[in-house]
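We did not get these values from a lab; they are worked out from the coordinates using the rules stated. Note that the coordinates shown come from a computational prediction; the quantities given were computed from them, not determined experimentally. Cβ coordinates were reconstructed from backbone atoms using ideal geometry, including for glycine residues, and neighbour counts include every protein chain displayed.
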Amino acid sequence: MASLSDLLALPQLGLTLVQSGPGDPEISWISTTELLDLGAYLDGGEIILTTGLSLGADDPRWRDFVASLSRARVAAIGFGVGVNHDRIPPALVQAASMYRVALVEVPLPTPFIAISKAVAGLVRADELRAARSALQAQQRLLDGARGKQDPAEVLASIAQATGKHLALLTSDGAVLASTAGFAAAASAPGFDPETIRLDREGSLRLAVAGAAPLTPEGHAVIAAGSIVLWLGLRGADAEENRERERWERFTWALLTGTVPPETIEVLSTRVRLPERVRAVAVQGSPEDVSDWRRRPRSGLDRCITPGGIPAQAPGLALAWQLCADTPEATEHLLAVAAEHGLDAVLGRPATPEAAELSLRSANARLNALSATAPLYAAPRVPAVVWADRDTPFLEALVALADERGTGGSGGTGGSGEPGGSGASGIAEAGGAIAPRETAPLSARVLGPLSRSSDALPAEDAELLRATLRAVYAADGQRGPAATALGIHRNTLRDRITRIERLTERTLADADDRAELWLALRVEDLTGGAAR
C-alpha cells in the first residue's frame, strides 16, 4: 500500500514533516474535518486534514483531538497553515509528540483537494502494482502446469505471492505437500485453516493458514494455483483409470492375503498402511456402486476394489474398501457410501497382514442387508452393519479363539492371575470350549468339513459348507434352500444326510444346529485358524 513517505516525496505538494510517528504508516484514505472527535468514524490508516477552525492556538482540547485520532490509528495529521492559524499551534505539536502521531504541515498554496487526489493516485498505482504482481504469479503458475510442476513448487509459488502457509490435503486428511511454515502453524493452539475444495467431491483440498486477510490479488493467485494443482494431480482420464485399476488389484490381493502389505510402496511411497484396518463391503445398485468407484480419490482412500465376491441378490453390485480403523476414517467412509445410497458392512479390525480375516467377517454379515431395499425403497437411509458390534456373543468367542490360538490361555486369565477368571479360565473351567491341546475350534464341530481338515477334497468340503449355510439362510426349510442352491430337493436331502454323518450331528437337534452354525461363523471370521 501507499505510505506516508510516498506522499511526502511528491514535490508539487510541498509538505513538511513536523513530527514523525512510529515507522512509515500505510495510507488507507484521506479525510478533511474540523470536528473535535472524529475517532469513532475512522477505520485506521487515514490522513486527517484540518485547519484548526474550532480551536485556538493554546486551546487544551488539542490534546483530546490528537488522543482520539491516536486511538483510531490514523496515519498522520495534516495541518493547513495560513487559513485560521499562521503556523501549527504549539499545543498541537506537543500533543502529537506525546501520542506519537505523525504531523505534517500543509503550506497555504496547496489545497486539500490536491492532497486527496495525490493519495488517490498513490493508492491506484499501488493497486496496479499488486494486480501486475498477481498476474505475473498466475502466469508463472499456469506456465508450470504445462511442465508437470511438482505440487510443492506450486504451493511455494502461491506462498511467495500471498504470504500464506499452505498444504495440499487428501480426502483422508493426509498431507501430500506443504510449505515449510505450515507444520509449525498447525501445531499452534486454535489452528483453524481455511480449506478450499479442489473438486466437487472434496478428495483434494487446499489448506490456507495465516492471520492476515487475503487481498483480492491474493485470492486471484490462490484461484490460479488451485487450477494448476487440480490439473497436475488429476491428470488425463486414461492415466487415472490405469492408476485406479492398479489400486483395485492391490486392494483385492491384500484383502485375500496374496500380497504383503509392504507392496503398497510400489504404488505410492507416500501412503502407509495403519496398524489396524477394516475391510468394508458396500452394496447397492450397479449404477450407485459404479459412481462410488469412479469418485476421485487420493491417499489410502484409493484402496477400493470390486473384488471377486458376487452380490447377495440379482440386480445388486458389491465392492470393497480398505480403511483405517479410526473413528475419522470410518465416519468419512460411511458418509461417502451414504452419499451414493450404498449399504455398508464393516469387518472386524485387523492388522494389514490379517486383512483377510476382516474380509471374511464382513462377508459373513452381508446377509444382514436387505436384498431389495436398495433397488425399490426410496427415499431410504442406507444400512450400516458392524461385524464386531452387531454379534457381541460371537465376537467374544472369536476373541477367545484368537487368544487361545496365540497361546494366551496358557498364561494368565482376564484377572491377571494364572488360571484366573478371564476368558481362557472360563473356557477351561466350564468346558464350553475344548482344552488347549485339541484341534482348531471349528474342526471340533465341523469335522471333515472344516477348512483345516484334509479328510475331504476342498471342493467337496466347500460344497457341503455352502449347503449348510443355505439351509440356515432358509430358516431350515428344505424347499427354499434347494431353490437357492439350484438343486433338487432329493439332492439337498442327500447332502444333509452326508453332512450329518460327517459331523456326527443332526439338524433335527437344536443344540447340534447351534453348534454347527457357530462353527461355521467362527471359521468364516478366523479363516479356520483359531484354536
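Observations, loosely collected:
- Interchain or long-range residues, amide H under 5 Å from residue 318's placed H: 311
- Table column - 3J(HN,Hα) (Hz), the stretch 271-276, Karplus curve with 6.51, -1.76, 1.60, x for Gly and Pro: 9, 10, 6, x, 5, 10
- On full extension, the segment bounded by residue 512 and residue 152 gains 123.2 nm, given 0.36 nm per residue less the C-alpha separation.
- Relative contact order (%) - criterion: Cα under 8 Å, at least six apart; region: the stretch 240-390: 30 percent
- Gain on full stretching of the segment that runs from residue 186 to residue 477 - 0.36 nm per residue minus C-alpha separation: 98.6 nm
- For residue 385, the residues whose amide H sits under 5 Å from its own are 344, 345, 346, ignoring neighbours fewer than 5 places away on the same chain, with H placed 1.01 Å from N.
- Modelled spin-label separation between residue 276 and residue 493, with each label point placed 7 Å from Cα along the Cα-to-Cβ direction: 5.0 nm.
- Spacing of the two label points (7 Å from each Cα toward its C-beta) at residue 371 and residue 504, in nm: 3.5 nm
- Considering only alpha-carbon pairs that sit under 8 angstrom and 6 or more positions apart, the relative contact order computed for the stretch 148-301 is 24 percent.
- Inter-part distance, the stretch 55-110 to the stretch 247-301, computed on C-alpha centroids, equals 71 Å.
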